[in-house]
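As structure tokens, the structure follows; a few thoughts come after it.
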There are 2 protein chains.
Amino acid sequence: MSVNKDLILLGHGSGGRLSHQLLNELIIPIVSGAVQSAQNDAAILEPVAGRLTFTTDSFVVDPIFFPGGTIGSLAVHGTVNDLAMMGARPLWLSVGLIIEEGFGKTDLKRILEDMRGAADAAGLKIVTGDTKVVPRGKADKIFITTSGIGVIEHDFTIHGANARPGDAVIINGTVGDHGIAVMAAREGLDVGTDVISDSAALNGLVSQIIGACGNALHVLRDPTRGGVATTIKEIAQQSEVSITLREEALPIKTAVRGVCSILGLDPLFVANEGKLLAFVAADAAEAALATIRSHPLGANAAIIGSVEAAPAGRVRMETSIGGMRSVEMLTGEQLPRIC
Amino acid sequence: MSVNKDLILLGHGSGGRLSHQLLNELIIPIVSGAVQSAQNDAAILEPVAGRLTFTTDSFVVDPIFFPGGTIGSLAVHGTVNDLAMMGARPLWLSVGLIIEEGFGKTDLKRILEDMRGAADAAGLKIVTGDTKVVPRGKADKIFITTSGIGVIEHDFTIHGANARPGDAVIINGTVGDHGIAVMAAREGLDVGTDVISDSAALNGLVSQIIGACGNALHVLRDPTRGGVATTIKEIAQQSEVSITLREEALPIKTAVRGVCSILGLDPLFVANEGKLLAFVAADAAEAALATIRSHPLGANAAIIGSVEAAPAGRVRMETSIGGMRSVEMLTGEQLPRIC
């Protein structure tokens with residue numbers, strides 16, 4: 001096999017014969033198994049009962065392979081989680097690939113297999129896609145944009161504007177794992193095997209939380225870019241409430257804390273890709289915590305804070321030494337290309 | 001205002017404060033008008049009656065501004081047209097932006113305004129989106145991925161596998177305008193004012209064709225990348241029929257023909273972004289043609305070929321001098337980054 005046959009060429013994005021070969025021989029067999037006669041410009045969706053929800057995310061993570069995942073699994077998890085945070089069951093996914101000329105087909109195959117594996121595990125189907133190729137140097141390896149459609153099969157109001165005084169703030173595990181794992185991989189840091197991305201599909205966990213809490217679940221949000229701090233601040237602003245976090249309660253891996261302290265990063269601002277923040281009415285909080293802890297993605301769950309009525313939009317942190325400090329959104333770019 | 005305030009920075013993709021500013025001050029007011037409390041991770045869609053259809057396309061066109069459009073209007077038209085080719089009414093659009101650090105906010109504003117204008121004109125709403133920023137040199141200005149959802153409000157079968165012997169092949173106007181306009185703009189060629197992209201939303205025209213033809217309309221497909229030749233070949237293969245095109249019948253602007261002949265390009269392989277191919281039963285063909293011609297996007301419509309039973313998958317061209325030549329899919333990349 002010549003070198004060229006192993007690489008993505010500009011012609012693979014032409015819409016012509018090479019595009020068809022790539023689609024029929026590599027992409028479709030891996031991601032969807034659709035047959036050629038189904039290759040129209042769009043997918044027709046099966047009817048479902050419930051409100052539909054729709055989201056999109058672009059992924060530009062560097063490096064594309066990192067401890068705990070790849071840009072492929074991340075692109076599925078990210079969009080699945082955006083749907084799950086609406087309390088929806090993810091159903092269908094679209095995939096837009098932008099590939100740099102010269103990218104290896106072996107790497108592409110690995111990424112696509114990861115997408116399929118992540119989609120299968122989360123129970124949704126990849127139903128439509130598009131591939132573009134840009135000349136060498138005009139993109140960095142591969143960018144993936146996924147869009148997802150899910151169905152909301154309950155009548156509860158789960159919404160960023162729905163946090164209420166008295167709510168407990170629960171997180172399903174350790175903070176900052178994804179961002180630090182990607183950053184360490186990018187910089188070639190030797191950080192041991194404990195620093196691994198938490199990239200995961202949260203829809204199964206969400207389904208259990210909804211089942212356990214019902215109306216007592218007020219807000220779900222995944223603290224991705226900008227980290228827990230930015231997400232909590234968003235919710236405080238949307239819901240016009242005050243939120244107090246307790247530093248001691250925040251689960252952080254020792255290795256992650258170590259890397260953060262060496263690099264001068266605050267784990268509260270570091271991206272997560274398999275974490276959710278659940279705001280739950282106080283009287284349901286312990287039951288919710290127990291439910292989350294019983295799930296494989298929630299073993300290290302903790303109640304990390306609580307909601308007060310005022311002042312609207314304020315977030316503060318009760319520090320380990322008993323003080324209070326203000327928490328604001330991430331300013332600037334702490335870690336670029338983290339997802 | 002300092003120079004930095006006019007440019008997109010890495011921090012605008014951080015998910016933190018700069019991201020929120022960009023979203024709230026520039027993106028949301030232009031594309032959707034949503035309020036902050038609606039800013040959840042996904043959009044909730046209104047219920048509709050009919051089968052839903054879902055598609056995605058990534059846009060990497062170079063240059064991003066060209067005669068007849070921008071990457072913004074193109075990204076809306078392309079996805080609208082994929083939905084329209086399924087006989088669907090486009091309803092909702094998602095937008096994923098990948099922006100190179102240092103990109104101008106003025107250019108971004110122009111692109112977003114174009115997206116909003118194109119979406120309004122096509123009657124669909126931009127309901128969700130995402131923005132990533134990559135360091136300078138890691139992408140080329142801006143890439144846009146749009147995904148669309150539409151509703152099919154009829155029971156007709158319009159499908160690439162549905163071409164039937166006897167069908168007339170109709171195109172709604174001149175061939176190759178988009179590809180040549182983009183290529184000329186990229187190369188700085190002086191080709192006069194007649195070479196302009198045909199980028200347009202075809203859903204209004206499709207709605208009229210469906211109304212006029214009903215069950216007599218068998219296939220709709222937009223000949224984008226790979227041009228008319230590649231699209232016709234795809235349909236011949238999917239439907240397992242033979243298709244004969246008539247060279248004399250193909251509408252081609254004189255200026256486009258001129259540029260093609262200078263550059264050694266065959267307009268049959270050049271991308272279109274406002275054209276459709278309609279396969280219509282013979283006895284409905286003249287009525288369909290009249291309907292298309294009465295629409296602003298169909299003034300130069302023509303019947304350019306016909307379908308025979310066999311051999312399956314063959315496409316040939318009856319040349320102006322009376323001969324027959326074989327038509328195959330585009331091989332290689334005739335014009336990279338055309339959409």
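Scan the stretch A:110-124 for residues that are within 14 Å of another protein chain (Cβ to nearest Cβ) and either more than 18 Å from the chain's Cα centre (by Cα) or more than 13 Å from A:ASN81 (Cα to Cα) (or both) and report the count. Explain how you work it out, then say what you get.
As a first pass, look at the stretch A:110-124 and keep what is within 14 Å of another protein chain (Cβ to nearest Cβ): A:115, A:124.
Filter once more, so that each one left must be either more than 18 Å from the chain's Cα centre (by Cα) or more than 13 Å from A:ASN81 (Cα to Cα) (or both): A:115.
Residues meeting the conditions: 1.
For the stretch A:131-138, check the following and say yes or no: at least one residue is outside the structural domain of A:MET317 (by TED's automatic domain parsing), on the phi < 0 side of the Ramachandran plot and assigned to a helix (DSSP H, G or I). If you could, list the steps in order and put the result at the bottom.
In the first step, residues of the stretch A:131-138 are kept if they are outside the structural domain of A:MET317 (by TED's automatic domain parsing); the result is A:131-138.
From the residues that got through so far, the ones that are on the phi < 0 side of the Ramachandran plot too are A:131-136, A:138.
Narrowing the set further to residues that are assigned to a helix (DSSP H, G or I) leaves none.
There is no residue in the stretch A:131-138 that is outside the structural domain of A:MET317 (by TED's automatic domain parsing), on the phi < 0 side of the Ramachandran plot and assigned to a helix (DSSP H, G or I).
Of the conditions (1) free of Cβ contacts under 8 Å to residues at least 60 places away in the same chain; (2) facing chain A (nearest Cβ under 8 Å); (3) within 23 Å of A:GLY129 (Cα to Cα), B:VAL127 fails just one. Which one is it?
(1)
Filtering the stretch B:210-220 down to residues that are open to solvent by less than 10 Å² (accessible area, probe 1.4 Å) and in contact with a Leu (Cβ under 9 Å, 6 or more places away or on another chain), which residue is nearest to B:GLY78 (Cα to Cα)?
If we take residues in the stretch B:210-220 being open to solvent by less than 10 Å² (accessible area, probe 1.4 Å) and in contact with a Leu (Cβ under 9 Å, 6 or more places away or on another chain), then B:LEU220 is nearest to B:GLY78 (Cα to Cα).
Any chance the stretch A:141-163 includes a residue that's open to solvent by 40 Å² or more (accessible area, probe 1.4 Å), in contact with an Asp or Glu (Cβ under 6 Å, 6 or more places away or on another chain), more than 22 Å from A:LEU23 (Cα to Cα) and outside any strand (DSSP E or B)?
no
I need the full set of residues from the stretch A:230-282 which are more than 28 Å from A:LEU83 (Cβ to Cβ) and of a type in the set (D, E, K, R), in order please.
Selection gives A:ARG246, A:GLU247, A:GLU248, A:ARG257, A:ASP266.
Inside the stretch B:179-209, can you point out the residues that are in a helix (DSSP H, G or I) and open to solvent by 20 Å² or more (accessible area, probe 1.4 Å)?
If the condition is that a residue be in a helix (DSSP H, G or I) and open to solvent by 20 Å² or more (accessible area, probe 1.4 Å), then B:ALA185, B:ARG186, B:GLU187, B:ASN203, B:GLY204, B:SER207, B:GLN208 are the ones that fit.
I'd like to check something: does the stretch A:317-331 contain any residue that is open to solvent by 30 Å² or more (accessible area, probe 1.4 Å), of a type outside the set (Gly, Ala, Ser) and closer than 20 Å to A:ILE158 by Cα?
No, the conditions are met nowhere in the stretch A:317-331.
Checking B:GLY72 against (1) within 18 Å of the chain's Cα centre (by Cα); (2) free of Cβ contacts under 8 Å to residues at least 12 places away in the same chain, which single condition isn't satisfied?
The number of the failed condition is (2).
Condition check ((1) over 19 Å from the mean Cα position of the chain (by Cα); (2) within 28 Å of B:ALA302 (Cα to Cα); (3) facing another protein chain (nearest Cβ under 9 Å)) across all residues:
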residue: B:ASP140; (1), (2), (3): yes, no, yes
residue: B:ILE149; (1), (2), (3): no, no, yes
residue: B:GLY160; (1), (2), (3): no, yes, yes
residue: B:THR174; (1), (2), (3): no, yes, no
residue: B:HIS178; (1), (2), (3): no, yes, no
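So in the stretch B:28-71, with the set limited to residues that are modelled with pLDDT under 95 and more than 13 Å from chain A (Cβ to nearest Cβ), which one is nearest to B:LEU112 (Cα to Cα)? First the steps, then the outcome.
Step one: list which residues in the stretch B:28-71 are modelled with pLDDT under 95, which gives B:28-51.
Subset that is more than 13 Å from chain A (Cβ to nearest Cβ): B:28-30, B:33.
On the way: B:ILE28: 9, B:PRO29: 10, B:ILE30: 6, B:GLY33: 12 Å.
By that ranking, first place goes to B:ILE30.
If you scan the stretch B:87-111, which residues turn out to be on the phi < 0 side of the Ramachandran plot, assigned to a loop (DSSP other than H, G, I, E, B) and surrounded by fewer than 24 Cβ atoms within 10 Å (Cβ to Cβ)? Full working, then the answer.
Just the residues of the stretch B:87-111 that are on the phi < 0 side of the Ramachandran plot, to begin with: B:88-101, B:103-111.
If we keep only those that are assigned to a loop (DSSP other than H, G, I, E, B) as well, we get B:88, B:101, B:103.
Those that are on the phi < 0 side of the Ramachandran plot, assigned to a loop (DSSP other than H, G, I, E, B) and surrounded by fewer than 24 Cβ atoms within 10 Å (Cβ to Cβ): B:GLU101, B:PHE103.
Evaluate the following for B:VAL169: is it part of a strand (DSSP E or B) and farther than 26 Å from B:ALA236 by Cβ?
Values: part of a strand (DSSP E or B): yes; farther than 26 Å from B:ALA236 by Cβ: no.
So B:VAL169 does not fit the description; no.
Kindly indicate which of A:ILE232, A:ILE252, A:ILE243, A:ILE292 is modelled with pLDDT of 95 or more, within 16 Å of A:ILE158 (Cβ to Cβ) and aliphatic (A, V, I, L, M).
Working: A:ILE232 fails: within 16 Å of A:ILE158 (Cβ to Cβ); A:ILE252 fails: within 16 Å of A:ILE158 (Cβ to Cβ); A:ILE243 fails: within 16 Å of A:ILE158 (Cβ to Cβ).
Being modelled with pLDDT of 95 or more, within 16 Å of A:ILE158 (Cβ to Cβ) and aliphatic (A, V, I, L, M) holds for just one of A:ILE232, A:ILE252, A:ILE243, A:ILE292, which is A:ILE292.
For the stretch A:291-332, which residues satisfy the criterion of being more than 16 Å from A:VAL241 (Cβ to Cβ) and more than 26 Å from the chain's Cα centre (by Cα)?
Correct list: A:GLU318, A:THR319, A:SER320, A:ILE321, A:GLY322, A:GLY323, A:MET324, A:ARG325.
Condition check: open to solvent by 10 Å² or more (accessible area, probe 1.4 Å), under 27 Å from A:ALA299 (Cβ atoms) and of a type in the set (A, V, I, L, M, F, W, C). Does A:ILE170 satisfy that?
Values: open to solvent by 10 Å² or more (accessible area, probe 1.4 Å): no; under 27 Å from A:ALA299 (Cβ atoms): yes; of a type in the set (A, V, I, L, M, F, W, C): yes.
Judged against the criteria, A:ILE170 is not a match.
Among (1) open to solvent by less than 20 Å² (accessible area, probe 1.4 Å); (2) under 28 Å from B:GLY227 (Cα atoms); (3) in contact (Cβ under 8 Å) with a residue 12 or more places away in the chain, where does A:GLY15 come up short?
(3)
Which condition breaks for A:LYS233 when tested against (1) buried (at least 19 other Cβ atoms within 10 Å of the Cβ); (2) away from chain B (no Cβ under 14 Å)?
Among (1) buried (at least 19 other Cβ atoms within 10 Å of the Cβ); (2) away from chain B (no Cβ under 14 Å), A:LYS233 violates only (2).
The values are calculated or read from the model by the stated rules, or taken from the named source; none is laboratory data. The structure displayed is predicted, hence computed values, not measured ones. As a convention, Cβ positions derive from the backbone with ideal geometry for all residues, glycine included, and neighbour counts pool all protein chains shown. Areas reflect the complete protein model, heavy atoms only, side chains present, ligands, DNA and RNA absent. Shrake-Rupley method; radii C 1.70, N 1.55, O 1.52, S 1.80 Å.
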